[in-house]
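Heads up, the thing below is written out as structure tokens.
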Amino acid sequence: MAGNSQRRNRRTSNKKGATVGSGGQRRRGLEGKGPTPPASARKGHKKNRIANAQAKKAQRRPIARRGGKGSSEMVVGRNPVFEALRDGVPATTLYVQQFIDNDERVRDALKLAADRGGIHLMEAPRAELDRMTNGLNHQGLVLQVPPYEYAHPEDLAAAALDDGEDPLIVALDGVTDPRNLGAVVRSVSAFGGHGVVVPERRAAGMTAGAWKTSAGTAARTPVARATNLTRALEAYQKAGITVVGLAADGDTEVGELEALGGPVVIVVGSEGKGLSRLVGETCDHLVRIPMPGGAESLNAGVAAGVVLYEAARRRA
């Protein structure tokens, strides 16, 4: 009898199904899990990947500035000083003439400098401001802009690769207008590029004018300076990056070049002369922008924007 009782207990203990004291686990399992999260929060969704990439880029470590420094600069005049402060041009000191007529523009400039913080306000006699500006019509306001700290061309590609991205860089050949440089910086930032390379000589640098045209994007888009642009492009090629030059007589239209979807340096020449001979010979591809309207050329800022858009479209 005892043996039969033990066998029944074993059969009873092996029965499947809910047991007493389950705590309503099965009922909770049937409950809803709340609203469906947005696409940007769903793992594996395209919008989630884009959101993660943007967050990663926002946390990108600062690029080591080892491309040298530019020269300091003075912005003079009431309107230029006000506009430079308003547009976020870096500044260290605002010099104000003693006994200056305190008009609205002066008050606005002083308020902007105080609100930004980190800008020293110095009062100086007119003769001192005349000396500092070599006799320019400063109208009692002088803003000192610090030297720009350039990156090294290698830093731009390294930062992209560290983030798991294909480098997208623009190099300028013979572009001497700082406003064109600022426009290119703005386009590179808009289309997810990793920086701009300029030659050390006979080229526009990051002046106050370039900062203003960049509309603040120069604060997060590095500009590198190359001692020799041709050698810098050759170094990019050795690192596996395709060098694409823009030329009116290019063999391929920009929309047909598949290489724009990978690691690439886009080289833009001056509006009048285009690419220099050595730089043109160094490029892996020469492409043209079709212009059915009949224009002979585009300025550097517009041309760079067109090609950057095509590169961004292929990477999306």
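The values are calculated or read from the model by the stated rules, or taken from the named source; none is laboratory data. If you're wondering where the values come from, they're calculated on a predicted model, not measured in any experiment. All Cβ positions, glycine included, derive from the backbone under ideal geometry; neighbour counts span all protein chains shown. Each accessible area value is taken on the protein alone, full model and side chains, heavy atoms only, with ligands, DNA and RNA left out. Shrake-Rupley method; radii C 1.70, N 1.55, O 1.52, S 1.80 Å.
For the stretch 152-176, a tally of residues being open to solvent by 30 Å² or more (accessible area, probe 1.4 Å) and either within 14 Å of the chain's Cα centre (by Cα) or more than 25 Å from Thr207 (Cα to Cα) (or both) returns 6.
Could you list all residues from the stretch 227-270 that are of a type in the set (A, V, I, L, M, F, W, C), farther than 27 Å from Asp163 by Cα and open to solvent by less than 30 Å² (accessible area, probe 1.4 Å)? Hits for the stretch 227-270 are Leu246, Ala247. Taken over the stretch 115-127, the criterion of being without any contact (Cβ under 8 Å) to a residue 12 or more places away in the chain and more than 15 Å from Ala84 (Cβ to Cβ) is satisfied by Gly117, Ala127.
In the set (1) open to solvent by less than 10 Å² (accessible area, probe 1.4 Å); (2) under 19 Å from the mean Cα position of the chain (by Cα); (3) of a type outside the set (D, E, K, R), Val145 fails one condition alone, (2). Scanning the stretch 71-82 for residues that are β-branched (Val, Ile, Thr) and assigned to a strand (DSSP E or B), we see that the one that is least open to solvent (accessible area, probe 1.4 Å) is Val75. Taking every residue in the stretch 141-165 that is within 19 Å of Ala239 (Cβ to Cβ) and part of a loop (DSSP other than H, G, I, E, B) and pairing it with any residue that is open to solvent by less than 20 Å² (accessible area, probe 1.4 Å) and among the hydrophobic types (A, V, I, L, M, F, W, C), at least 6 positions away or on another chain, the pairs with Cβ-Cβ distances below 6 Å are His152/Ala224.
As a summary of the residue check, Gly255 satisfies the conditions (1) under 30 Å from Leu143 (Cα atoms); (2) without any contact (Cβ under 8 Å) to a residue 60 or more places away in the chain; (3) small (Gly, Ala, Ser) except for the one numbered (1).
Residue-wise test of (1) within 36 Å of the chain's Cα centre (by Cα); (2) open to solvent by 50 Å² or more (accessible area, probe 1.4 Å).
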| residue | (1), (2) |
| --- | --- |
| Leu94 | yes, no |
| Asn102 | no, yes |
| Arg105 | yes, yes |
| Lys111 | yes, yes |
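Scanning the stretch 83-114 for residues that are touching a helix residue (DSSP H, G or I) at 6+ places or on another chain (Cβ under 6 Å), in contact (Cβ under 8 Å) with a residue 40 or more places away in the chain and assigned to a helix (DSSP H, G or I) yields Ala84, Leu85.
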